[in-house]
């Protein structure tokens, strides 16, 4: 059974790497914001993030997301040229 803390870390990890939608668009929260939101200590969160490579995973996700959004934007333009 998962304890509350590991569950918080799983959700925190997901929010940091993948971000979330709000009315302003797609938000990628800082570790500081996540620590406050989930009542986790920033130092513990930083250690966990560093050990698990959260930053690199976030960068990869952002790159894939940008490529996907560019494809969506240009798809219409390419079909008009064809």
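The values are calculated or read from the model by the stated rules, or taken from the named source; none is laboratory data. Bear in mind the structure is a predicted one, so any value in this text is a computation, not a measurement. Neighbour counts are summed over all protein chains in view; Cβ atoms, including those assigned to glycine, are modelled from backbone coordinates with ideal geometry.
Rundown of residues vs (1) out of contact with any helix residue (DSSP H, G or I) (no Cβ under 6 Å at 6 or more places or on another chain); (2) part of a helix (DSSP H, G or I); (3) surrounded by 10 or more Cβ atoms within 10 Å (Cβ to Cβ); (4) at pLDDT 90 or above, yes/no style:
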position	(1), (2), (3), (4)
5	yes, yes, yes, no
16	no, yes, yes, yes
50	yes, yes, yes, yes
60	yes, yes, yes, yes
63	yes, yes, yes, yes
73	yes, yes, no, no
78	yes, yes, no, no
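Total residues in region 18-48 satisfying the condition of being within 12 Å of the chain's Cα centre (by Cα) and either outside any loop (DSSP other than H, G, I, E, B) or exposed (fewer than 13 other Cβ atoms within 10 Å of the Cβ) (or both): the figure is 8.
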